[in-house]
Amino acid sequence: MPRVFIPPAIKTLTNDQAVVMTSGKSIREVIDDLEKMFPGVRQRLIDGDELRPGIAVTVNGNVTSLGLLQRLDNDAEVHFLPAVGGG
Amino acid sequence: MSGKRIVSVSINGNPTEFLCEPRQTLLEVLRNTLNMTGTKEGCSNGNCGACTVVVDGRPVVSCLVLAVEVEGAEIHTIEGVTCGVEMDEVQSAFLEGAALQCGICTPGFIVQAEALLAQNPAPTEDDIRFYLAGNLCRCTGYDKIVRAVQAAAKKRQSVS
Amino acid sequence: MATIDKPKYKVIGTRPIRHDGVDKVTGRAQYGADIKLSGMIYGALLRSPHAHARIKNVDTSRALAVTGVRAIVTSADLPEQGDRVVELGEGAVNMRHLTANVLAREKVLYKGHAIAAVAADNIHIAQEAVKLIDVEFELLTPLLDVQEAMRVDAPILNDEIRTESFGSAPAAQDSQPTNVAKHFIFEKGDLAAGLAEADLIVEREFDTATVHQGYIEPHNATVHWNADGKITVWMSTQGSFSARHQTAELLKVPISSVKVVPMEIGGGFGGKISVYLPPVAALLSKKSGHPVQLVMSRTDVFEATGPTPGSHMRMKLGVTKDGRLTAGAAWIAFEAGAYTGSPVGAACMCVFSCYDLPHGRVEGFDVCVNKPRSNAYRAPGSTHVAFAIETLVDEICEKLEIDPAEFRLKNAATEGTRRVDGPVFSRIGMKETVEAIKNSEHYRSSLEGKCRGRGIASGFWFNAGLRSSVSATVNPDGTVSLVEGSTDIGGSRASIAMQLAETLGITAEEVIPSVVDTDSVGYTDVTGGSRVTFSTGIAAIKAAEDIQSQLLQRAALLWEMDVSCVRYEDGAVVGPDGQSLSFKELAAKLNATGGAVIGRGTSTGEVNQAGAYGTHCVDVEVDPELGKVQILRYTAAQDVGTAIHPSYVEGQIQGGVVQGIGWALNEEYWYDGEGEMRNATYLDYRIPTCYDVPMIDTIIVEVPDPQHPYGVRGAGEVPICPPPAAIANAIHDAIGVRMEQLPMSPPRLLEEILKK
């Protein structure tokens, strides 16, 4: 069950839970699962068929450029963070 | 075409003639008229030293020299530093000492360093830093550049 | 110094001459402004004299009448973008803003904002014609201060901007426009509880001024819009594929009709990722039928490219009396400039990253002001917050009488520490860099003399992974031609070649690297984010492994056995009965055994870096009558994972340190009340010269990154993070004055000295 850390602005939708256990084998499935539990979450994270611009997702600390397609292990830890650029 | 002047100079030992407008700088003529793009343009107001060339033995910022001013002068540029296919001591020292990163300031530094060593074959670290203070580098932090000039000076001294 | 038993490498760790070196020391290397094309003409830009104004009318008729003028373009020639947001490789960009930044539409938002461009037979005619373009402006009040710009009643720069709070629902369309474009919040634990546990709380407010990357080579682009619709761009860029994508989007042409040829690049540091010139030059070329070259002046570079933001920050740290951090709070406002997109998000994520902080809260704001639209500058955002936090840490150490190195060791983030922004650190080297400084000769030496002081500080940067591609062909003489797309700013083509060489068991000199255009190599993300040695290195290693497996096939064919019987070892293919063919010997037989062997490798962006730390120590002498600070001695310890080419790793550290010294002691955009930068030349925007700094000693710490086959960590960015804080701490040690603003230039320092 991947653990998803909820950004502070989304906690209002998850009854103030900062970490939610979800089921899903990919980021997309995990977000779908979150949406089932807490309607409205998907729209905060997804625009059309992709993560909202400016939102990056990390899995076990690794930023993944696969976004919603990233596959997850059962014990994965997922964070949604601002996309960061270097110089 | 009116207003253009013919200027005769020696560049890196070769007699050269070019046509220019009075408002053109030596830098512009070197790069655009003579296709000698080794001398670089970084700021166009004499503050970065990327355009350094030697005119009658004196290093100058060519962006602040009008081309018409160098009539009859002996000019040395980065293109004239190499002797055929051999690097000279300063160039070799820059390569071996990794004294360049992006390389845009390198021609200016090499020309200025050559002028320094011609004038002072055994400069101290302070001498080197003072003499090269008019050449800006944003990549290296100068450490390896100064060490390269020290190494080149030492090599040249040991040969002579 | 290695922290684990380091494998014995043959090539990695040596110092070969870089492959492009001879061209660079002879002046032969071709940078963007060096290229000359047949029929090429020259362009110049008309830029706004006002910091904030509405454009009522642009009349180009007088300029068009000048003999020798071939074309003029304005924003009317650029296609409408609407509010499209496009993922451009290193972040999402609002195309409305990008196009308006290239050529202003209804408003100019900073002095220097480009409005129109002229192409003519020579640069002088173009510049004269620019002066003949008549623009009617309606002047508006310029906003130049981040806190002023955040006020509810502030003049608005962009009417369509509403605050986007990370993770929130989009703002209602009928809500008020604002200059606060973005808002971030991060939380860990319970801040109030953490502060309650503290025996000591320190808090301060900080201001930092706008600062420029200062690359010596101005932006340039030479573009030919060919009769067949193909657009070729020769330019100075940190990312050809990103430049291609941006240019194609801005011109609304298919991406494949744009080819970007990266020339040698004279410095970037993050400032040469956004495009400014290519679309303008392209349109001038289309209109005139000639290739057009545009080169920025130094003033243009300062006024109209992407400096790093000025900022206002409020920081607070809570600590127990025995020096254990309990809580931290940060409020950070960055000046995005004319359009949204400052690195405040990254700043929020870096602020507490050196420490294991049980409770924390970070709030960040991206705020529009009438200054050029900010851009990345080497570890963007991290230097700002390091200055603030490391100053507070120094204050704590002073008040609790704890050695600054010991404090950092006690509280250091390590593998398993959870960041305030959420993820857990994997293998990192914060502690190791502190230990390196603590055990250094510099730190142990005594410092004598009046008004002399010593300071240390640490810094962090994520480093990026992203995507790279290479291909590598084996030549008949046993050399390998390596083709890559990572533009080489600091010697990276050598470090990539070395990793390929190590994997194949050949020498660095036997690899011939080239950096090529967007039609000649697979997609490669920007040279930035300290990612090239890591990510393009991984691609090169994979290409080498691909070559190995093909060579095994060839050897098996030659020895007439099954491929499972042969193996690659130490630069040779070895058979079961002692047969052996070296790489060179096999290379000579390739055409006879089936033809070319081409290795292919990509790094996919799933592999990420664990992050890099630096801890620096500096001794200064302060002249209390002038406020001038002299750097006496500087030592920088940095975890680089594995140093592929130590000379270039040292070079990255030294270069970053000196940029940080400039940022600390002198560099700032000096604005007057009308929003004009009054020091837009290298004379008055004074970056360090070689007379201003001593030798910069480096200590290479090696805590290998487990995600890279050779343990590489990016080294390019983190060295700029600690210097301003280290110097501030040294100034305090020297004369008891704690600076809360950057730069700590003589007038500012003197003012604080006189206050005491």
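Below are the figures for this structure:
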{"item": "Counted residues, the range C:47-85 - those being surrounded by fewer than 17 Cβ atoms within 10 Å (Cβ to Cβ) and among the small types (Gly, Ala, Ser)", "result": "5"}
{"item": "Single residue of the range A:51-87 satisfying the filter (part of a helix (DSSP H, G or I) and touching a Ser or Thr at 6+ places or on another chain (Cβ under 8 Å)) that is least open to solvent (accessible area, probe 1.4 Å)", "result": "A:Leu68"}
{"item": "B:Gly13 vs. criteria surrounded by fewer than 20 Cβ atoms within 10 Å (Cβ to Cβ) and modelled with pLDDT under 95", "result": "no"}
{"item": "Matching entry among C:Pro155, C:Pro170, C:Pro177 (being farther than 30 Å from C:His290 by Cα and open to solvent by 60 Å² or more (accessible area, probe 1.4 Å))", "result": "C:Pro170"}
{"item": "Wholly within the range C:14-87, strands (runs of 3 or more DSSP E) carrying at least 2 residues that are in contact with a strand residue (DSSP E or B) (Cβ under 8 Å, 6 or more places away or on another chain) and away from every other protein chain (no Cβ under 12 Å)", "result": "C:41-47, C:53-59, C:69-74"}
{"item": "Residues located in the range A:32-41, provided they are open to solvent by less than 50 Å² (accessible area, probe 1.4 Å) and within 13 Å of chain C (Cβ to nearest Cβ)", "result": "A:Leu34, A:Phe38, A:Gly40, A:Val41"}
{"item": "Given (1) at the interface with chain C (Cβ under 7 Å from one of its Cβ atoms); (2) closer than 28 Å to C:Tyr685 by Cα; (3) open to solvent by less than 40 Å² (accessible area, probe 1.4 Å), index of the condition B:Phe130 fails", "result": "(3)"}
{"item": "Every residue from the range C:231-275 that is in contact with a strand residue (DSSP E or B) (Cβ under 8 Å, 6 or more places away or on another chain) and closer than 19 Å to B:Glu41 by Cα", "result": "C:Trp234, C:Met235, C:Ser236, C:Thr237, C:Pro262, C:Met263, C:Glu264, C:Ile265, C:Gly266"}
{"item": "Unique match (being open to solvent by less than 10 Å² (accessible area, probe 1.4 Å), touching a residue at least 60 places away in the same chain (Cβ under 8 Å) and assigned by TED's automatic domain parsing to the domain that holds B:Lys155) among B:Gly103, B:Gly108", "result": "B:Gly108"}
{"item": "B:Arg31, sole failed condition from (1) facing another protein chain (nearest Cβ under 10 Å); (2) out of contact with any strand residue (DSSP E or B) (no Cβ under 6 Å at 6 or more places or on another chain); (3) surrounded by 22 or more Cβ atoms within 10 Å (Cβ to Cβ)", "result": "(3)"}
{"item": "First in the range A:57-73 and among the hydroxyl-bearing types (Ser, Thr, Tyr), second anywhere and open to solvent by 50 Å² or more (accessible area, probe 1.4 Å), Cβ under 6 Å, 6 or more apart", "result": "A:Thr64/C:Glu606"}
{"item": "A:Glu29 more than 10 Å from chain C (Cβ to nearest Cβ), in a helix (DSSP H, G or I) and open to solvent by 70 Å² or more (accessible area, probe 1.4 Å)", "result": "yes"}
{"item": "From B:Ala67, B:Ala98, B:Ala148, residue being open to solvent by less than 30 Å² (accessible area, probe 1.4 Å), touching a helix residue (DSSP H, G or I) at 6+ places or on another chain (Cβ under 8 Å), more than 8 Å from chain C (Cβ to nearest Cβ) and over 23 Å from B:Leu34 (Cα atoms)", "result": "B:Ala148"}
{"item": "Close pairs from the range C:189-202: first closer than 16 Å to C:Val393 by Cβ and in contact (Cβ under 8 Å) with a residue 40 or more places away in the chain, partner open to solvent by 70 Å² or more (accessible area, probe 1.4 Å) and assigned to a loop (DSSP other than H, G, I, E, B), Cβ under 6 Å, at least 6 apart", "result": "C:Asp199/C:Lys321"}
{"item": "Residue ranges of strands (runs of 3 or more DSSP E) in the range C:195-278 with at least 1 members farther than 25 Å from C:Val658 by Cα and among the polar types (S, T, N, Q)", "result": "C:220-225, C:231-235"}
{"item": "Out of B:Ala93, B:Ala73, sole residue that is crowded, with 18+ Cβ neighbours inside 10 Å and within 13 Å of chain C (Cβ to nearest Cβ)", "result": "B:Ala93"}
{"item": "Scope the range C:498-532; condition within 14 Å of another protein chain (Cβ to nearest Cβ) and among the aliphatic types (A, V, I, L, M); matching residues", "result": "C:Met498, C:Ala508, C:Val515, C:Val526, C:Val532"}
{"item": "From the options C:Glu435, C:Glu395, C:Glu406, C:Glu401, residue that is free of Cβ contacts under 8 Å to residues at least 60 places away in the same chain and not assigned by TED's automatic domain parsing to the domain that holds C:Arg738", "result": "C:Glu401"}
{"item": "Residue in the range A:9-18 that is in contact (Cβ under 8 Å) with a residue 24 or more places away in the chain, polar (S, T, N, Q) and surrounded by fewer than 17 Cβ atoms within 10 Å (Cβ to Cβ) present", "result": "no"}
{"item": "Filter pass, A:Arg44 being more than 26 Å from C:Thr414 (Cβ to Cβ), open to solvent by 20 Å² or more (accessible area, probe 1.4 Å), more than 11 Å from chain C (Cβ to nearest Cβ) and not in a strand (DSSP E or B)", "result": "no"}
{"item": "Test: residue in the range C:478-494 that is over 29 Å from the mean Cα position of the chain (by Cα) and open to solvent by 10 Å² or more (accessible area, probe 1.4 Å)", "result": "yes"}
{"item": "Qualifying position, being surrounded by fewer than 20 Cβ atoms within 10 Å (Cβ to Cβ), assigned to a helix (DSSP H, G or I) and either of a type outside the set (Lys, Arg) or not assigned by TED's automatic domain parsing to the domain that holds C:Ser647 (or both), among C:Glu560, C:Glu545", "result": "C:Glu545"}
{"item": "So C:Ala636, is it part of a strand (DSSP E or B), in contact (Cβ under 8 Å) with a residue 60 or more places away in the chain and touching an Asp or Glu at 6+ places or on another chain (Cβ under 8 Å)", "result": "yes"}
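Residue by residue, here is whether (1) open to solvent by 10 Å² or more (accessible area, probe 1.4 Å); (2) of a type in the set (Asp, Glu); (3) more than 12 Å from every other protein chain (Cβ to nearest Cβ) holds:
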{"position": "C:Ser647", "(1), (2), (3)": "no, no, no"}
{"position": "C:Ile653", "(1), (2), (3)": "no, no, no"}
{"position": "C:Ala664", "(1), (2), (3)": "no, no, yes"}
{"position": "C:Arg678", "(1), (2), (3)": "yes, no, yes"}
{"position": "C:Asp684", "(1), (2), (3)": "yes, yes, no"}
{"position": "C:Asp692", "(1), (2), (3)": "yes, yes, no"}
{"position": "C:Ile696", "(1), (2), (3)": "no, no, no"}
{"position": "C:Glu717", "(1), (2), (3)": "no, yes, no"}
{"position": "C:Ala726", "(1), (2), (3)": "no, no, yes"}
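The values are calculated or read from the model by the stated rules, or taken from the named source; none is laboratory data. Note that the coordinates shown come from a computational prediction; the quantities given were computed from them, not determined experimentally. Quick reminder, even Gly has a Cβ in these numbers, built from the backbone with ideal geometry, and neighbours come from all protein chains shown. These area figures cover heavy atoms from the full protein model, side chains too; ligands, DNA and RNA do not enter into them. Shrake-Rupley method; radii C 1.70, N 1.55, O 1.52, S 1.80 Å.
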